[in-house]
1. Pick from the stretch 73-89 the residues that are assigned to a helix (DSSP H, G or I) and touching a residue at least 40 places away in the same chain (Cβ under 8 Å): which of them is farthest from GLU31 (Cα to Cα)?
2. Could you tell me which residue of the stretch 129-143 is farthest from ILE18 (Cα to Cα), considering only residues that are under 13 Å from the mean Cα position of the chain (by Cα) and in contact (Cβ under 8 Å) with a residue 40 or more places away in the chain?
3. Of ARG103, ARG131, ARG138, which residue is surrounded by fewer than 17 Cβ atoms within 10 Å (Cβ to Cβ), closer than 25 Å to ARG65 by Cβ and at pLDDT 95 or above?
4. Can you name the number of the only condition in (1) touching a Lys or Arg at 6+ places or on another chain (Cβ under 9 Å); (2) of a type outside the set (Val, Ile, Thr); (3) not in a helix (DSSP H, G or I) that TYR159 fails?
5. Name the single residue that is farthest from GLY33 (Cα to Cα) among those in the stretch 50-93 being over 22 Å from the mean Cα position of the chain (by Cα) and charged (D, E, K, R).
6. Kindly indicate whether LEU43 is assigned to a loop (DSSP other than H, G, I, E, B) and more than 23 Å from VAL144 (Cα to Cα).
7. Return yes when GLU87 is of a type in the set (Asp, Glu) and either surrounded by 13 or more Cβ atoms within 10 Å (Cβ to Cβ) or more than 20 Å from GLU124 (Cα to Cα) (or both) and no when it is not.
Amino acid sequence: MAPRAWCNRGMPGYRALIFDLGGVILPLDYERGYAAIAPACGLPVEEIPRRIAATGLIEPFETGRIGGREFARRIGEALGLKLTYEEFCKVWSAIFPPETLIREELFAELAGRYRLLLLSNTNEIHFEYIRKNYGFVRYFDDFVVSYEVGAMKPAPEIYRAAIRAAGCAPQECFFTDDVPENVAAARRHGIDAAVFTSEQRLRGELERRGILLRGASGG
């Protein structure tokens, strides 16, 4: 995505807003994903996560040490799948329901006033699916994703990459993540951060910082 011209018309101090993806913008429904895989392999749903975990492939995949096709092949062998790569990508991405946890209206309010970034532990299959299927992506100026950085939160490398992408000082960034450990790591790097629990609570955090006007739209 080409960078969009932006400027900060909010309160002085913040220039970039950084959002986690899974568990913040998008729900993660792993049971939905396992249920999508089960008909293709004939295994009980409860056996699927055990076999996936036993491969040890998730971290290498999410840090870019193996690519999507190699991952699909090896997971397919572990589960006894007979799927094309495109079919595998579809069922592997079934963990994402259609609805989002944060409505697009919030990003529309913030876009152009602040630099918006995604900071996510994710993989090439999931991120390609998200870019194709969710409209909120168009509001973001840059994406800091673990499989491209080669490190996952809460590792220092991925926060340093996010600060570089933000193009400003750490204290000029605000970050939200649903995992307290990841929020604590951001704070250690000088980033202002808050744990995400709901869009309503996030709006409150943004209002307290002057990033959103108090009482702005959002229900």
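The values are calculated or read from the model by the stated rules, or taken from the named source; none is laboratory data. Here the structure is a predicted model, which is why all the values come from computation and not from measurement. Neighbour counts are summed over all protein chains in view; Cβ atoms, including those assigned to glycine, are modelled from backbone coordinates with ideal geometry.
1. Step by step, filter the stretch 73-89, then rank; the result is GLU87.
2. Going through the stretch 129-143, the residues under 13 Å from the mean Cα position of the chain (by Cα) turn out to be 129-131, 134, 136-137, 140, 142-143.
Next cut, in contact (Cβ under 8 Å) with a residue 40 or more places away in the chain only: 129-130, 134, 136-137, 140, 142-143.
Numbers: TYR129: 20, ILE130: 17, TYR134: 18, PHE136: 14, VAL137: 13, PHE140: 9, ASP142: 10, PHE143: 9 Å.
Ranking the qualifying residues of the stretch 129-143, first place goes to TYR129.
3. Values: ARG103 fails: closer than 25 Å to ARG65 by Cβ; ARG138 fails: closer than 25 Å to ARG65 by Cβ.
From the options ARG103, ARG131, ARG138, the qualifying one is ARG131.
4. Unmet for TYR159, out of (1) touching a Lys or Arg at 6+ places or on another chain (Cβ under 9 Å); (2) of a type outside the set (Val, Ile, Thr); (3) not in a helix (DSSP H, G or I): (3).
5. The selected residue is GLU70.
6. On the way: assigned to a loop (DSSP other than H, G, I, E, B): yes; more than 23 Å from VAL144 (Cα to Cα): yes.
Yes: the conditions hold for LEU43.
7. Details: of a type in the set (Asp, Glu): yes; either surrounded by 13 or more Cβ atoms within 10 Å (Cβ to Cβ) or more than 20 Å from GLU124 (Cα to Cα) (or both): yes.
So GLU87 fits the description; yes.
Let's see how each residue does on (1) modelled with pLDDT under 95; (2) over 24 Å from LEU119 (Cα atoms); (3) assigned to a loop (DSSP other than H, G, I, E, B):
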residue: TYR34; (1), (2), (3): no, yes, no
residue: ILE37; (1), (2), (3): no, yes, no
residue: ILE48; (1), (2), (3): no, yes, no
residue: ARG51; (1), (2), (3): no, yes, no
residue: ALA54; (1), (2), (3): no, yes, no
residue: PRO60; (1), (2), (3): no, no, no
residue: GLY64; (1), (2), (3): no, no, yes
residue: PHE71; (1), (2), (3): no, no, no
